[in-house]
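Working notes for the structure below.
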Amino acid sequence: MIFQFQKQFPQLNSYWERYLPYQKRLDIPAKTNLLDEGTISQYAIYIEKGSLRSYFNNNGEEKTVQFFFEEEGLSSLDSFVNNLPSPFTIVTMEPSIVYLLHRKHVLLLMDELSKETDFLMMFMKITASRLTHYSGEFISFIRDSREQRYLRLLNERPHIVQRVSQHYIASYLGVSTVHLSRIKSKIAKGNAHF
């Protein structure tokens, strides 16, 4: 989760490089669980290639929460930080190359970085960016119709629509695959007003 910011903050490259030997590189197939719901997250995950999703189980039905792609980092943050059971499963959607950095190394890295001038401001910007994204998702889920959420996804994050299976997109939007097909059909016919 830290390493995706190395391009943004090249002045910290010596830190990134020092922790590279502690990262575990995995070349893994699709549908590989990196974290199971109910277990404690021990690794920060960085995606070099491929895609992942996080989801939770709701009475036997998977509810997709988020998608992640190349050069993004993730973990089940509350679980990772507070040693709590993860409310999410994290799984690959396609063959992926990921790097894992154990929690103990992330904590050591954060301790070292905290002594670096301007790191606190950088970290606050990173955190604010993530919180802005998640609060936008949350507000959209409450305010917007399912059709509006799909149009927003199509306009703002078209790579998801291009790369992710329709049943995962339907789960993410909170609709059935049949309802998603109807939405797409209306849009294709030029009727984007719902």
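Identify which of T177, T132, T92 has the largest mean-square fluctuation in a Gaussian network model of the chain, with springs joining Cα atoms closer than 10 Å. Maximum fluctuation in the GNM of the chain, among the listed residues, is at T132.
Quick check: the angle from helix 119-143's long axis to the longest principal axis of the chain, C-alpha only, nearest 10 degrees? With both axes taken from Cα atoms, the answer is about 20 degrees.
For the range 1-140, give the magnitude of the charge dipole about the Cα centre (Cβ charges: +1 Lys/Arg, -1 Asp/Glu; no others), in debye to the nearest 20.
I would put it at about 200 debye.
Scaled against the 2.2 N^0.38 Å expected of a compact globular protein of N residues, the Cα radius of gyration of the range 46-141 reads 1.21. Between helix 103-113 and the chain there is an angle of about 70 degrees, using the helix long axis and the longest principal axis of the Cα atoms. Here the range 121-194 is treated with +1 on each Lys and Arg Cβ and -1 on each Asp and Glu Cβ, and its dipole about the Cα centre works out to around 140 debye. Qualifying trypsin sites (Lys or Arg not before Pro) in the range 40-124, where qualification requires a DSSP coil assignment and no more than 15 other C-beta atoms within 10 Å, comprise K115. Relative to its residue count, the chain spans a Cα convex hull of 129 Å³ per residue.
Relative to the longest principal axis of the Cα atoms of the chain, the long axis of helix 177-188 lies at roughly 80 degrees. In a Gaussian network model over the chain where Cα atoms closer than 10 Å are linked, find which of S129, S79, S51 has the largest mean-square fluctuation. Top of the fluctuation ranking is S129. For the chain, lysine pairs separated by 8 or more sequence positions, or belonging to different chains, with Cα-Cα distances below 22 Å total 11.
Averaging the sequence gap over all C-alpha pairs within less than 8 Å and six or more residues apart, then dividing by the number of residues, gives the chain a relative contact order of 23 percent. Comparing A128, A170, A30 in a Gaussian network model of the chain where C-alpha atoms under 10 Å apart are linked, the largest mean-square fluctuation is found at A128.
Think of the range 49-112 as having a plus end and a minus end, set by charges on the Cβ of Lys, Arg, Asp and Glu; of I90, N57, H105, N57 sits farthest toward the positive end of this dipole. Computed over protein heavy atoms with a 1.4 angstrom probe, the accessible surface ordering of F68, F138, largest first, is F138, F68.
The values are calculated or read from the model by the stated rules, or taken from the named source; none is laboratory data. Model, not experiment: these values are computed from the prediction. Don't worry about glycine lacking a Cβ; one is built from the backbone with ideal geometry, like all the others, and counts go over all protein chains shown. Calculation scope for accessible area: heavy atoms of the full protein, side chains included, ligands and nucleic acids excluded. Shrake-Rupley method; radii C 1.70, N 1.55, O 1.52, S 1.80 Å.
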